[in-house]
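The values are calculated or read from the model by the stated rules, or taken from the named source; none is laboratory data. What you see is a predicted model, and the numbers here were worked out from it, not measured in a lab. Cβ coordinates were reconstructed from backbone atoms using ideal geometry, including for glycine residues, and neighbour counts include every protein chain displayed.
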Amino acid sequence: MQNNILNRRKFFATALAGVLATSLPFPAFALTEAGAKQLVNSVVSDITRVIDSGKSENAMIRDFEKIFVQYGDVPIMARYALGADARAASASQMRQFTKAFQGYISRKYGRRFREFIGGEVTVRNARKIKAGYEVRTSVKLRGSSPFDVTFLVSDKSGRGKFYNMFIEGVNLLLTERTEIGAMLDARGGDLNRLIKDLNRSG
Amino acid sequence: MSNRAFFKPLIVLCTLTILSACASQPQDAAARGEVFDPYEGANRSIHKFNLGVDRFLFRPASKGYVKIVPDPMVTSFSTFAENISLPGQAVDYLLQGNPKQMGNALLRFVVNMTVGGFGLSAPADELNLPPVDTDFGETLHVWGFGEGAYVELPFYGPSTTRDAVGVIINLFSNPINFTPVRPADNLGVYAEVVRRMGDRGRFSDTVDSILYESADSYAQARLIYLQNRRFELARDDEEAYLGLYDDPYAVTGTDPVRDPYLDPYEDPYAE
C-alpha cells in the first residue's frame, strides 16, 4: 500500500514536471555546476546505501538498475554504445536494445561494486565542458591509493543526468562501444540476436 | 664487470634506434583518442600466448598467493616493490627535468626504508607529498617521443613501442642494481612480479571479466591500456585531458571507431 501511494505521488510529480517543462520557453532546470556536483553526490550516496544494505547480489543489481535509470541518460548511452548500427536500427529495436543494455550494464558493473565496500568517494571539482559539466571525484578503497573517477553530466535529455564515466582515464562508454561492437561482429551483425544475448549477459 | 658496463650503452643505443625506426603514429592521432595498431596480427598471437600463460600459470599462482599469504603481508610486499622502485623513478624524474619530484621520490625512499621498516610500509604517504609514479616511457614522452604503435609484450602485456623501450630501460636504470650492498641481483624485478601477483589475485574477478568474459579481450585490453596510459601522461596537462572527451551528444564523423550518428539529439524513441 505504502508503495502504491509513493508511486502514485511520484507519477503525479513526474507528470507535473513534464507539463511544466513543455510549457516553458527555455529549459526549466538549466544545469549548474552545483547541480552537477549534487547529482554525482546523490548517485554516490544511493550506490553506497545499496552496497551497505547487505542484500543478495541479485537484489542489489536490481537496485543498481533503478539508480542507473534515475540518474543516467540511458538512451543516449545505449545509442552511443551501439555506434553506427544505431542509425540502421528500427525504433522498436532501439527500444529493446536500450532495455537490454540497461540490464547488461547493471549486472556487469553491479557485480563489481562489491569491491567498493568501505570505499570513500570525494567530489573534488566540477567544470564546464561542451555537453554540460565534468565532475571529478577521488575514490579511496581500503588498502589502495586513491584513484580518479570522473562523471560527465548533461541536461540535454531535458534533465540533468550523467552520460559517461571515466575511471583513471578509461572511458566506460567507449569501452562498452568496443565490447558491443565485438559482440555484434561475433553475431554477424544481427542486432536481434545481440539484443537476445545481451539480456542474458553482463 | 667490464662486459656489463659495455653492454648497457649498447642496449640504450639499440632501443633508441628501434624506437626511431618503428612505425610512427600520424601526428595528433593519439590526442584524438585513436588506436594505432599496425601489428595487430602479431599482437593478437602474443595476446593468445599471454592468455595461456595467465590461465595456466599466473592466475592460479596469484590466486594461491593471495589465499595463502595474509592480506597485510600481500600489501607489505606490494609496498616494498613500490619503494624499491623509487630510486629508479628519481632517475627518471631527473631525466625529465623535474627536480622537485626527484626529491620527493628520494625523500619517500629514505623515509620508507628507515621508518617504514626496510620498505615494507609507506609512512611517507602521510607526509602529504604529491604521488610519485613515473617510468622511462614517461621520460621519452617528456622528451617529445610519440606514443608509437600499440604492442602486446609476451608475459608483460599491453604496451606501446615507446613504452616498451621504457620497460626495457627500466630493467637496468634503477641505481639499486648497482649498489654494492644490494641483497640480490634484479631484486626490483622479482619484487615487481610479486606485486603484480598481488594485484592479479586481489582483483581477479575484474581481470577475469576483461580477459575471459569479453567478446574481444584483445580489443578491450588495448583500449583500456591506451586510455589509462594517455590519462597518466596527460594528468598535468589540462588541455590535453579535456581533448580526450568525446561528446556523444555532438560527435560527427565517418571513422567507424569514433563515428557516432549525425544528430545524437534526435530522440532515439521518436518515430
- Query: Across segment B:198-223, what is the number of residues that are facing chain A (nearest Cβ under 10 Å), touching a residue at least 40 places away in the same chain (Cβ under 8 Å) and within 17 Å of A:Leu174 (Cα to Cα)?
  - Reply: 4
- A:Ala78 fails exactly one of (1) under 12 Å from the mean Cα position of the chain (by Cα); (2) away from chain B (no Cβ under 14 Å); (3) touching a residue at least 24 places away in the same chain (Cβ under 8 Å), namely (2)
- Query: Applying the selection to segment A:124-146, what residues are part of a loop (DSSP other than H, G, I, E, B) and surrounded by fewer than 17 Cβ atoms within 10 Å (Cβ to Cβ)?
  - Reply: A:Lys130, A:Leu141, A:Arg142, A:Gly143, A:Ser144, A:Ser145, A:Pro146
- Note on the structure: Scanning segment B:103-142 residue by residue, the ones that are assigned to a loop (DSSP other than H, G, I, E, B) and either without any contact (Cβ under 8 Å) to a residue 12 or more places away in the chain or surrounded by 15 or more Cβ atoms within 10 Å (Cβ to Cβ) (or both) total 13
- Could you tell me whether segment A:144-158 includes any residue that is within 10 Å of chain B (Cβ to nearest Cβ), in contact (Cβ under 8 Å) with a residue 40 or more places away in the chain and closer than 14 Å to A:Ala78 by Cβ? yes
- Hey, B:Thr160 within 12 Å of the chain's Cα centre (by Cα) and more than 20 Å from B:Phe109 (Cα to Cα) or not: yes
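Filtering segment A:159-173 down to residues that are over 26 Å from A:Ala30 (Cα atoms) and at the interface with chain B (Cβ under 7 Å from one of its Cβ atoms), which residue is surrounded by the most Cβ atoms within 10 Å (Cβ to Cβ)?
That would be A:Gly169.
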- Task: Evaluate the following for A:Lys99: is it more than 9 Å from chain B (Cβ to nearest Cβ), in contact with a Pro (Cβ under 6 Å, 6 or more places away or on another chain) and not hydrophobic (A, V, I, L, M, F, W, C)?
- Result: no
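Okay, residues lined up against (1) within 23 Å of A:Gln102 (Cα to Cα); (2) at pLDDT 90 or above:
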position	(1), (2)
A:Asn3	no, no
A:Phe11	yes, no
A:Thr14	yes, no
A:Thr22	no, no
A:Leu31	no, no
A:Val43	yes, yes
A:Ala59	yes, yes
A:Glu65	yes, yes
- Item | Answer from B:Arg108, B:Arg162 - the residue that is of a type in the set (Lys, Arg), modelled with pLDDT of 90 or more and touching a Cys at 6+ places or on another chain (Cβ under 9 Å) | B:Arg162
- Query: Of all residues in segment A:180-202, how many are on the phi < 0 side of the Ramachandran plot, within 12 Å of chain B (Cβ to nearest Cβ) and in contact (Cβ under 8 Å) with a residue 12 or more places away in the chain?
  - Reply: 8
- Is it the case that segment B:158-172 has a residue that's within 14 Å of another protein chain (Cβ to nearest Cβ), of a type outside the set (Val, Ile, Thr) and either under 30 Å from B:Gly41 (Cα atoms) or surrounded by 15 or more Cβ atoms within 10 Å (Cβ to Cβ) (or both)? yes
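Does A:Gly54 qualify as being at pLDDT below 90, more than 14 Å from chain B (Cβ to nearest Cβ) and on the phi > 0 side of the Ramachandran plot?
Details: at pLDDT below 90: yes; more than 14 Å from chain B (Cβ to nearest Cβ): yes; on the phi > 0 side of the Ramachandran plot: yes.
In short, yes.
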- Task: Determine whether segment B:231-253 contains at least one residue that is at pLDDT 85 or above and not charged (D, E, K, R).
- Result: yes
- Message: Can you tell me which of (1) facing another protein chain (nearest Cβ under 10 Å); (2) closer than 21 Å to A:Val123 by Cα is the one A:Ser138 doesn't meet?
- Response: (1)
- Note on the structure: Note: among A:Leu152, A:Leu194, A:Leu174, just one is among the aliphatic types (A, V, I, L, M) and in a strand (DSSP E or B), namely A:Leu152
- Message: Cβ contacts < 9 Å: first residue away from every other protein chain (no Cβ under 11 Å), restricted to segment A:116-133; second residue surrounded by 17 or more Cβ atoms within 10 Å (Cβ to Cβ) and at pLDDT below 85, any location; separation 6+ or different chain. Result?
- Response: A:Tyr133/A:Leu31
- Unmet requirement for B:Leu94, which otherwise passes all of (1) surrounded by fewer than 21 Cβ atoms within 10 Å (Cβ to Cβ); (2) more than 22 Å from the chain's Cα centre (by Cα): (2)
